[in-house]
1. Could you work out how much longer the chain between residue B:132 and residue B:262 gets when fully extended? Use 0.36 nm per residue separation minus the Cα distance between them, nm to one decimal.
2. Report, in whole Å, the centroid distance computed from the Cα atoms of the range A:133-177 and the range B:197-269.
3. Listed highest first by mean packing, meaning other Cβ atoms within 10 Å per residue, what order do B:196-205, A:118-127 come in?
4. Count, for each residue of A:107-117, the Cβ atoms from other chains sitting within 10 Å of its Cβ, then give me the mean as a whole number.
5. Residue by residue through A:51-62, how many Cβ atoms from other chains fall within 10 Å of the Cβ on average?
6. Highest GNM mean-square fluctuation, chain B, Cα pairs closer than 10 Å: which of B:241, B:132, B:106?
7. Grab the Cα-Cα distance for residue A:17 and residue A:188, subtract it from 0.36 nm times how many residues apart they are, and report the gain in nm with one decimal.
8. If packing is taken as the average count of other Cβ atoms within 10 Å, what order do B:180-186, B:120-126, B:230-236 fall into, highest mean first?
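Values in this text are rule-based calculations from the coordinates and carry no lab data. In this text, all values refer to a predicted model and were calculated from it rather than measured experimentally. FYI the Cβ positions are ideal-geometry reconstructions off the backbone, even for glycines, and counts take in every protein chain you see.
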């Protein structure tokens, strides 16, 4: 039943490795972009606040599929932006990461903003009483405490991101979902086995993430 | 404008904020100018690429509106099937009997861990194998099946959270007047939980609508997303089509999101209920928490 795994025709581990790479690059990128967006949304500069709110509301309501297809068909094929990728494979990967960062950043931003809300008002008031500027209040006092409170929500975002990387299959990035589609077509007599293999792969990727980060979240949570 | 994070700006801070505003504006303008000049270079700003959406009503009647119809159809069918299924799974997960609770919990966690695109691919292959669905209906069936499998398990979690968020006193009082387990669930907990979950369910509808686009891009489902190929084949205006399609999605989803948060605010303030409510974004981001530093001014 599972003999297609031994045929040497399919590189299942390789495909999952691409999924992991997509996840890692997008996770780092969206953490940075999301933090910047959250900073803008609470900043004293009205224009930055407006931009942050508008960006989050727009991108969060757009399907990720549309963003990633837009990166491929719009940015790459029409405008000729390749993000420095030489081959088709490299370019597709980078465009997918760009789309994932743009989309996931909004969820990171909202998670961090809710984390900022859990920091007691007195913390920021005390920091201001010491004469710290907005940037200092945010980076030295509020964000370090906020991050410790949002590990669990961020873990959910990371799990959602891991699953969302499959959308990159729509622009031909050779990750797990694309290989699964190919195998479902070729091994039509063993579709349950194929599904089981890929389902197991995702359970293996997402379950430890949730458990590990859940444990970290409990450990670092600020006891109030 | 003031917030807990910064002092009310004095003359110096006001000047500084103006400088930041100016600098940010310059950056935004530069990005915009770069994007527009790149588009102009590739002739994407030509009037004939954008005018079909205003002058040619056929673009709307043959492509965009039927596409939007298919998107809404798939989303609503999926929601209608996933809702009772999810409610059943959610209540079963709260069962006192381990032989019900554990298997249902496993099923729910399993389908929540798998990307919805894979579920769609699998359902499509399954319908091919069974051969019971005609090939022109297969994309719709595959999309709806994938969405139902995934969203039923997400809704199960929402239902469970909705029931668990009710104050303990509700169960205690029901027990005190001698109700059975089934009666407590059907007469006391579920009716109150339904109101508490409404915002989360509306937000889930947004997630479902966004996920239907996967079917258009990967399974040949004739939804709003897939229309981008057809329109840009006729008018060779990829970017303009993408922008218009994105705007339609954003308009529909933004309306639903706004409705969900309005509902949430109303339920929180409501004097009638227990004030228990499952936040709208429980499915994707577990937001929440008490009012604090970042509360919008």
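1. Between residue B:132 and residue B:262, full extension yields an extra 42.5 nm.
2. Here the two parts' Cα centres lie 22 Å apart.
3. Sorting B:196-205, A:118-127 by mean packing, highest first, produces B:196-205, A:118-127.
4. Rounded to a whole number, the mean comes out at 5.
5. Details: counts 3, 0, 1, 0, 0, 0, 5, 5, 2, 8, 14, 9.
Mean shielding count: 4.
6. Per the Cα network of chain B with a 10 Å cutoff, B:132 tops the list.
7. Taking residue A:17 through residue A:188 to full extension adds about 59.1 nm, to one decimal.
8. Details: B:180-186: 13.4, B:120-126: 24.7, B:230-236: 16.3.
Packing order, densest peptide first, comes out as B:120-126, B:230-236, B:180-186.
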